[in-house]
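Peer 1: Pasting a structure here, questions to come.
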Amino acid sequence: MSAQGIIPQKENPLLFALKKSMVIDDIRDIQNYYENSVESEDSRLERHQLERDITWLYFEEYLPKSGNVLEIGAATGVHTLWMARRGYQITAFDLSQNELEFNKNRLAEHGLHHQIETRAGDARDLGDLPENGFDAVLLMGPLYHLVQELDRELALDQAVCRLKPGGIFFSSHISRFGILGDLLKNVTGWIEETDEVRSIIQLGRDPVDYHQGVFRGYFSTVEEIAPLHEQAGLETIVIAGVEPAISADDQSYNILEGQQRQLWLDLLYSISRVPSMVASSRHILYIGRKPG
């Protein structure tokens, strides 16, 4: 698959051409995984409410007050609906056509269909989406499915190219070591899969011969996230853990109500940038700015 589009700022043209010419990972298994798991994906942030709530607090703090947003990895539209309700115009881009249909129908049910345009495709090739065309870009998911470093660089180059100078950029990552609490609780037998354990801990990815049809991903260390984005031309603002202090215990937060829930959310948000919290969170949020 080729990566069309305009060469991003600060990208060496020869390097960009080299990236396009390299063998790129076949991610049809990931596409099929999401095409066949729409309902499960839609309920994911209901199961992981702290991740959702803290992410939205960062949206409130750093998104421009209005404008056009490119949401790459928009999925079924949990974040899309949040933004549409606040008046943003959203271009929702995703690998799964089924999830985009769900997303579009969700906004239509809320009378917000005029605020969304959907595009199906691969994050490594954003096609004819305009250069410098968006006030904010969200890359919420693709980077933890692209197991090859060049593929992650290519997706970032494509996304940053579409961001206006001065625009705000968000991306989501799965923490290599933050997921261990979840695996210990929910997939205890994983520890016996010696080759897979070694591959993820040492390389951050599932083994090359990993079985098809299930979640296959790349798991980041905290230390690599800022350099990856800065290489693409962004200035780092924040790196935060969006599930600080809870490990795999979502339910204790999910059942909170009223003032207690708000107080816990305020406290956990306030510590979400502490380095020890970032590394131990299952998901890590990057926020940066394109120099303008």
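Just so it is clear, none of the values below were taken in a lab; they were calculated from the coordinates. Please read these numbers as outputs of a predicted model, since none were measured by experiment. We place every Cβ from the backbone using ideal geometry, glycine too, and count neighbours over all the protein chains shown.
Peer 1: According to a simple spin-label model (label point 7 Å from Cα along Cα-to-Cβ), what is the distance in nm between Glu46 and Asn105?
Peer 2: Rounded to a tenth, the inter-label distance reads 1.5 nm.
Peer 1: Another one. Under the rule of at least 5 residues apart or a separate chain, name every residue whose amide H is placed under 5 Å from the amide H of Tyr218.
Peer 2: The list, which skips near neighbours in sequence, is His145, Leu146.
Peer 1: Separate question: State the number of lysine pairs found in the chain whose Cα atoms come within less than 16 Å, restricting to pairs 8 or more positions apart or on distinct chains.
Peer 2: On the way: Lys10/Lys19; Lys10/Lys164; Lys10/Lys290; Lys65/Lys164; Lys164/Lys290.
For the chain, the number of qualifying lysine pairs is 5.
Peer 1: Order these peptides, 135-147, 184-196, 84-96, 59-71, by their mean beta-carbon neighbour count within 10 angstrom, highest first.
Peer 2: Per-residue Cβ counts within 10 Å, averaged per peptide and sorted highest first, yield 135-147, 84-96, 59-71, 184-196.
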